[in-house]
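Engineer: Pasting in a structure now, in structure tokens, and then I'll have a few things to ask.
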Amino acid sequence: MSEEPGGAPFRIPAEFVRYAVALEPAEVGHGHVAGWLTGEDAVRLAFLRRCDLRERAGDFEVIAELEPSAPGLSVLCRRLSDGAAEAGRVWAYLALSWAGSRTDGQRGRLLGELAASGDADAARLAAGPDREGARRLAAGRREFLLDRAASGQGMNWRSDSALLGTDRPEEVDAAFDRGEELVGVAVIGLALQHPDAEAILPRVARALESEDARLRPQSRVALAHVARLHGTVDRRCLELLRSHPRGNEADDDLWGYVPHRRLPWWLWRHHLRERLTWRLREQLAWHLRDRWRP
């Protein structure tokens, strides 16, 4: 673990931050300087944002290329955050959100540490959950994740390779709303990157029900990835898939990776008919081979 400046009462893991907000370079810098992020996590988040943005990566690329223990990391982070008065606001939200996501005992301890550091909302939440704390969390999520996703600020929507790394469902929702040309690529990326099938499947369903000739095959690829990686599917996706041509990627991977008892009769019929046809062809081939054998 690298030595780091700052007096934050606790660290916030990169794996939480990456799904909670779409960070700016000054915000990563502030997080490290203030002590919310380890050097390793600051570099990790910068790398992930570089992947999100590709050629628009800018300062994220510079951070990502540094070693976590290098003195230059703190210097660069301090330079990025100096003069960025608003950069700390996202960390106030993230700290409260991280504390609120923990189990009761750890939650109380973290809220107590925030309260001791002067966070009035945390002090109220430590005494007991209230509407003001919930409003603060909702407002932070709206400002630092949903609004940035809605504006396209969170991802580079002209880069296939960047979109295949999509792991925030909110980015995909916003892309559907904006009518992004490459939203189908992002749905595939979400299927590949997000750890929770329940977050992926509603976005796959939205793609499956599209009449867009380019999006429909992409939706089937995404569903195939969910089946292969998570071994599951939901009823809505199955209902929508039924209107697609049979023999596609999703049909095959659903049959191969999801328990058959969870699959509908029409998919059973398709695969059993396909298997029967294959067996008949195999037997015919053997028969003809035996007939013409010298």
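Engineer: Give me the distance between the Cα centres of region 35-87 and region 161-196, rounded to whole Å.
Structural biologist: Between the Cα centre of region 35-87 and that of region 161-196, the gap is 24 Å.
Engineer: Could you pull the Cα extents of the chain along its three principal axes, largest to smallest, in whole Å?
Structural biologist: 88, 42, 37
Engineer: In a Gaussian network model over the chain where Cα atoms closer than 10 Å are linked, find which of Leu208, Leu223, Leu240 has the largest mean-square fluctuation.
Structural biologist: For the chain, modelled as a Gaussian network with Cα springs under 10 Å, the answer is Leu240.
Engineer: Ok, one more. Sticking with the crude label model, points 7 Å out along Cα→Cβ, report the distance from His260 to Glu65 in nm, one decimal please.
Structural biologist: Inter-label distance under the simple model: 5.5 nm.
Engineer: If you don't mind, another one. Tally Lys and Arg at +1 and Asp and Glu at -1 over the other residues with C-beta under 13 Å from the C-beta of Ala205: what net charge comes out? Display every interim value, and only then the final one.
Structural biologist: Numbers: positive: Arg203, Arg206, Arg216, Arg220, Arg235, Arg236, Arg242; negative: Asp173, Glu198, Glu209, Asp234, Glu239.
In short, +2.
Engineer: Starting from one equal scatterer on each C-alpha and no solvent at all, send me the Debye-based log10 I(q)/I(0) for region 160-277 at q = 0.10, 0.17, 0.22 Å⁻¹, two decimals.
Structural biologist: -0.27, -0.75, -1.19
Engineer: Taking 0.36 nm per intervening residue step and subtracting the Cα-Cα distance, what contour gain separates Arg158 from Arg11 on full extension? Intermediate results must be reported in sequence, preceding the final value.
Structural biologist: Working: separation 147, 0.36 × 147 = 52.92 nm, distance 3.40 nm.
So the chain would gain 49.5 nm between Arg158 and Arg11.
Engineer: Let's test the formula: R0 of 51 Å, r as the Cβ-Cβ distance of Asp212 and Ala116. What FRET efficiency results, to the nearest 0.05? Write out the running numbers ahead of the final one.
Structural biologist: On the way: r = 53 Å, r/R0 = 1.05.
Plugging the Cβ-Cβ distance into 1/(1 + (r/R0)^6) gives 0.45.
Engineer: Could you work out the equivalent-ellipsoid semi-axes for region 9-158, taking the square root of 5 times each eigenvalue of the Cα gyration tensor, largest first, in whole Å? Numbers along the way, then the final one.
Structural biologist: Details: eigenvalues 145, 64, 31 Å².
Over the Cα atoms of region 9-158, the semi-axes work out to 27, 18, 12 Å.
Engineer: If we count other beta carbons within 10 Å of each Cβ, what is the order of Glu170, Glu15, fewest first? Before the final figure, lay out each step's value.
Structural biologist: Working: Glu170 19, Glu15 13.
Placing the least packed residue first, the sequence is Glu15, Glu170.
Read-outs: derived from the displayed coordinates by stated rules, not from any lab. No experiment lies behind these values; they were computed from the predicted model shown. Don't worry about glycine lacking a Cβ; one is built from the backbone with ideal geometry, like all the others, and counts go over all protein chains shown.
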